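Peer 1: There's a structure below that I have some questions on.
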Amino acid sequence: MERRKFLTSAAVTSAGGFALAAPAIAQNTQKVQWRCTSSFPQALDTIYGGATDLATYVREATDGAFDIQVFAAGEIVPGLQAADAVQNGTVEMCHTASYYYVGKSPTWALGGVIPFGLDQRGMNAWLYYGDGINLLNEFYNKNGLQYLPAGNTGTQMGGWFRNEITSLDDMKGLKMRIAGLAGQIMERIGVVPQQIAGGDIYPSLERGTIDAAEWIGPYDDEKLGFYQVAPYYYYPGWWEGNLTLCSFINKDAWDGLPPAYQSLLQTAARASNVEMMAEYDFKNPTALRSLAENGTQLRAFPQDVMDASYDAAMELYGELASDPEWKTIYDSMMAFGVDHFLWKQVAESTYANFMMDKQRNNQLPGQQSADGN
């Protein structure tokens with residue numbers, strides 16, 4: 001595909017047409033073969049594609065000398081054990097969501113997303129320019145891993161519910177598939193959280209083993225068929241204002257790479273990050289309209305659910321502040337967040353609100369606003 005050729009071109013030619021550093025890669029004849037296990041099923045082409053895009057960029061830029069073979073969840077290890085497989089050397093790298101591993105330490109979540117945290121653009125800004133990647137790698141390196149951001153879903157939907165939620169009371173006792181720190185916060189407002197891999201959500205929802213489930217957003221959710229077993233689709237996914245997917249690389253394997261290959265992996269991961277977000281932004285609107293036209297009932301979370309969830313999150317973060325590793329990274333991230341959201345309010349949100357007001361008659365079928373209208 002033409003969109004995947006730019007790395008090869010960028011490696012040999014500058015914007016002005018001058019030869020650049022491609023010879024450093026082209027002349028490096030070292031053959032490297034790695035395996036990458038994904039936390040996601042191959043059927044979810046957009047999120048699984050973050051790993052395959054990265055591997056393609058690297059393979060093409062090195063004429064196949066650096067070859068990364070990608071395996072779907074379950075082919076080598078279950079999806080929620082991807083990082084473990086990298087830590088113990090079963091594979092050299094994985095493509096996953098870091099918050100799957102909060103059982104090891106809550107700090108793991110900070111490389112992906114935390115509830116009421118940054119949005120996608122804010123996260124990228126902090127990672128690439130706010131020293132976020134370095135701060136995170138100070139933590140992940142201690143766990144035998146090198147961290148690279150490699151994809152983003154943007155702000156997610158709030159999930160699928162078998163029954164309508166009209167107030168905070170309706171959340172009490174609800175069994176919901178939800179991952180990471182969001183599960184701990186949901187528990188504080190009365191929900192019974194369940195951590196279930198993506199491929200197991202539909203049968204659990206269909207059988208009534210769970211009452212609700214969140215995954216990502218319209219494109220992936222429609223492919224997984226959740227609308228067939230749960231009619232109410234809530235928003236926003238306050239626990240995922242973004243979701244930064246990542247590649248974890250075994251630290252010894254990373255250190256053993258030639259510098260040119262390390263640099264290429266970093267560049268390919270950035271490209272994968274941009275690619276995934278653009279693809280979701282293109283595909284989600286069409287999928288959301290399709291879901292609504294086929295009977296999905298769109299609902300905004302009631303205000304008391306949002307307020308209680310926010311308060312519970314702040315309470316949890318206050319408790320986690322006693323952990324210096326958590327506190328260092330969290331404080332850096334959220335200090336930037338104050339200025340980031342202020343800046344968005346000045347221009348971008350004003351523009352977006354104006355445009356939405358001009359298109360207010362284009363409400364989707366089945367959509368109900370936060371005030372119930």
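Peer 1: Starting from residues that are among the small types (Gly, Ala, Ser) and touching a residue at least 60 places away in the same chain (Cβ under 8 Å), keep the ones in segment 312-340 and report whichever is surrounded by the most Cβ atoms within 10 Å (Cβ to Cβ).
Peer 2: In this case the residue turns out to be ALA313.
Peer 1: So how many residues does segment 162-215 have that are more than 20 Å from ALA313 (Cβ to Cβ) and charged (D, E, K, R)?
Peer 2: Qualifying residue count for the region: 7.
Peer 1: With the condition kept exactly as written, say whether any residue in segment 18-32 is open to solvent by less than 80 Å² (accessible area, probe 1.4 Å), at pLDDT 95 or above and in contact with a strand residue (DSSP E or B) (Cβ under 7 Å, 6 or more places away or on another chain).
Peer 2: Yes, because at least one residue in segment 18-32 is open to solvent by less than 80 Å² (accessible area, probe 1.4 Å), at pLDDT 95 or above and in contact with a strand residue (DSSP E or B) (Cβ under 7 Å, 6 or more places away or on another chain).
Peer 1: With respect to PRO258, is the statement that it is under 30 Å from MET176 (Cβ atoms) and open to solvent by 10 Å² or more (accessible area, probe 1.4 Å) true?
Peer 2: Judged against the criteria, PRO258 is not a match.
Peer 1: Output the residues belonging to segment 37-74 that are open to solvent by 20 Å² or more (accessible area, probe 1.4 Å) and assigned to a strand (DSSP E or B).
Peer 2: Listed by number, the residues that qualify are ASP67, GLN69, VAL70, PHE71.
Peer 1: Which residues, taken from segment 277-311, are of a type outside the set (Val, Ile, Thr), open to solvent by less than 40 Å² (accessible area, probe 1.4 Å) and not in a helix (DSSP H, G or I)?
Peer 2: The answer is LEU298, ARG299, ALA300, PHE301, PRO302.
Peer 1: Suppose we keep only residues that are among the small types (Gly, Ala, Ser) and modelled with pLDDT under 95 within segment 75-105. Which one would you say is surrounded by the fewest Cβ atoms within 10 Å (Cβ to Cβ)?
Peer 2: GLY103
Peer 1: Taking segment 92-129, which residues are of a type outside the set (Gly, Ala, Ser) and either in contact with a Pro (Cβ under 6 Å, 6 or more places away or on another chain) or part of a loop (DSSP other than H, G, I, E, B) (or both)?
Peer 2: GLU92, VAL102, LYS104, VAL113, ILE114, PRO115, PHE116, LEU118, ASP119, LEU127
Peer 1: Out of everything in segment 66-76 that is in contact (Cβ under 8 Å) with a residue 40 or more places away in the chain and in contact with a Phe, Trp or Tyr (Cβ under 9 Å, 6 or more places away or on another chain), what residue ends up being nearest to GLY198 (Cα to Cα)?
Peer 2: Among those that are in contact (Cβ under 8 Å) with a residue 40 or more places away in the chain and in contact with a Phe, Trp or Tyr (Cβ under 9 Å, 6 or more places away or on another chain), it is ALA73.
Peer 1: Within segment 185-207, can you find the residues that are open to solvent by 50 Å² or more (accessible area, probe 1.4 Å) and either at pLDDT 95 or above or among the β-branched types (Val, Ile, Thr) (or both)?
Peer 2: Within segment 185-207, GLU187, ARG188, VAL192 qualify.
Peer 1: Turning to a different aspect of this structure: Let me confirm something: among GLY217, GLY199, which residue is more than 27 Å from MET306 (Cβ to Cβ), of a type in the set (Gly, Ala, Ser) and in contact with a helix residue (DSSP H, G or I) (Cβ under 8 Å, 6 or more places away or on another chain)? If you could, list the steps in order and put the result at the bottom.
Peer 2: Numbers: GLY217 fails: more than 27 Å from MET306 (Cβ to Cβ).
Just a single option satisfies the conditions, and that option is GLY199.
Peer 1: Being out of contact with any Ser or Thr (no Cβ under 7 Å at 6 or more places or on another chain), modelled with pLDDT of 95 or more and buried (at least 22 other Cβ atoms within 10 Å of the Cβ) is true for just one of ALA179, ALA212, ALA150. Which residue is that?
Peer 2: The match here is ALA212.
Peer 1: Given the conditions (1) over 16 Å from the mean Cα position of the chain (by Cα); (2) outside any strand (DSSP E or B), and given that GLN146 satisfies all but one, which numbered condition is not satisfied?
Peer 2: (2)
Peer 1: So which residues in segment 106-132 are closer than 18 Å to LEU54 by Cβ and surrounded by fewer than 19 Cβ atoms within 10 Å (Cβ to Cβ)?
Peer 2: Scanning segment 106-132 gives a single hit, TYR128.
The values are calculated or read from the model by the stated rules, or taken from the named source; none is laboratory data. Computed from a predicted structure; not experimentally measured. Methodologically, a virtual Cβ is constructed for each residue, glycine included, from the backbone with ideal geometry; neighbour enumeration extends over all protein chains shown. To get the accessible areas, we keep the full protein, side chains included, count just its heavy atoms, and leave off ligands, DNA and RNA. Shrake-Rupley method; radii C 1.70, N 1.55, O 1.52, S 1.80 Å.
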